[in-house]
1. Name the residue, out of 56, 4, that is crowded, with 16+ Cβ neighbours inside 10 Å, more than 26 Å from residue 262 (Cβ to Cβ) and at pLDDT below 95.
2. Considering each of 63, 144, 113 in turn, give the residue that is touching a strand residue (DSSP E or B) at 6+ places or on another chain (Cβ under 6 Å) and surrounded by fewer than 20 Cβ atoms within 10 Å (Cβ to Cβ).
3. Among the residues of the range 36-53, count how many are within 23 Å of residue 265 (Cα to Cα) and modelled with pLDDT under 95.
4. Take residue 110 and decide whether it is within 22 Å of residue 282 (Cα to Cα) and either assigned by TED's automatic domain parsing to the domain that holds residue 33 or at pLDDT 95 or above (or both).
5. Which of (1) free of Cβ contacts under 8 Å to residues at least 40 places away in the same chain; (2) part of a loop (DSSP other than H, G, I, E, B); (3) closer than 30 Å to residue 123 by Cβ does residue 234 not meet, given it meets every other one?
6. Name the helices (runs of 4 or more DSSP H) wholly within the range 101-215 that hold at least 2 residues that are farther than 29 Å from residue 81 by Cβ and in contact with a helix residue (DSSP H, G or I) (Cβ under 7 Å, 6 or more places away or on another chain)?
7. Can you find even one residue in the range 250-258 that is at pLDDT 95 or above, part of a loop (DSSP other than H, G, I, E, B) and at positive phi?
8. Can you tell me which residue is surrounded by the fewest Cβ atoms within 10 Å (Cβ to Cβ) among those in the range 220-264 that are more than 22 Å from residue 136 (Cβ to Cβ) and within 23 Å of the chain's Cα centre (by Cα)?
């Protein structure tokens, strides 16, 4: 097996565990994080990018929040995307999650390619598992009740919603799924849920003890939220801009949580290792295609 030279930059705990997973079989240098959080001697920490040259560079999720610097919440200095590009071999790849158009232009300035690992199906599916487990954990902590017997509403029926629905049904919850497509209603019913069209969302929301939204566009405004029980819990799992009018929910006294990036918060070890495995899988595919 080829031994690659990786540079891991920025991010949260997922990047730490990703680096340690990669270091089991490859050379790994890490920058832009908290050195004290490293537990593997196989990972080399550097406090400067001067003189660093990597075959492949790994950025976090998201790769950048502003299109100019690396997302590095555990580091007290700004790390520019340009400096990362300068450390990566022109024939190499810069990996990252949610790489924007602006960030991609900077990262590719010297010839290296970019690869958004969040677009890989295998990663999306496994992330959905972590998100679902985290959402259920959050619901149990915030309600101090069991899931068994609860009336639960899920909006949307993508990867996360499907995984979440299956687990909730297995735990004995009474699950209703609110969707747009007739085919999704059928699939929801096959999974043991009640399927309803999104046009009936207000009615479906009335009886719910817990509501999970997975649709990344605001579908819960005042008309819908005014029907929600005052003691219900609303957890928004959707990416920005989310699916809930949080201002209105607050005025109505509905307990609402926007649970972004759950995999990194509740299962950073698993999430980091999943990303590492995905990156290695991409490189293996490229190696095989090159003959």
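1. Working: 56 fails: at pLDDT below 95.
Step by step, each of 56, 4 is checked, and only 4 is crowded, with 16+ Cβ neighbours inside 10 Å, more than 26 Å from residue 262 (Cβ to Cβ) and at pLDDT below 95.
2. Working: 63 fails: surrounded by fewer than 20 Cβ atoms within 10 Å (Cβ to Cβ); 144 fails: touching a strand residue (DSSP E or B) at 6+ places or on another chain (Cβ under 6 Å).
Just a single option satisfies the conditions, and that option is 113.
3. Residues in the range 36-53 being within 23 Å of residue 265 (Cα to Cα) and modelled with pLDDT under 95: 5 in total.
4. On the way: within 22 Å of residue 282 (Cα to Cα): yes; either assigned by TED's automatic domain parsing to the domain that holds residue 33 or at pLDDT 95 or above (or both): yes.
Taking the combined requirement at face value, the residue satisfies it.
5. Only one criterion is unmet by residue 234, namely (2).
6. On the way: elements: 101-107, 121-143, 159-170, 182-190, 201-206.
Output list reads 121-143, 159-170, 201-206.
7. Among the residues of the range 250-258, at least one is at pLDDT 95 or above, part of a loop (DSSP other than H, G, I, E, B) and at positive phi, which makes the answer yes.
8. So the first thing to find is which residues in the range 220-264 are more than 22 Å from residue 136 (Cβ to Cβ), and the list is 221-227, 230, 240-241, 245, 247-248, 250-253.
Restricting the remaining residues to those that are within 23 Å of the chain's Cα centre (by Cα) gives 240-241, 245.
Values: 240: 7, 241: 10, 245: 19.
Checking each candidate, the answer is 240.
The values are calculated or read from the model by the stated rules, or taken from the named source; none is laboratory data. Just so we're clear, the structure is a prediction, and the values are computed from it rather than from any experiment. A quick note on method: Cβ atoms are made from the backbone with ideal geometry, for glycine too, and the neighbour counts reach across all protein chains shown.
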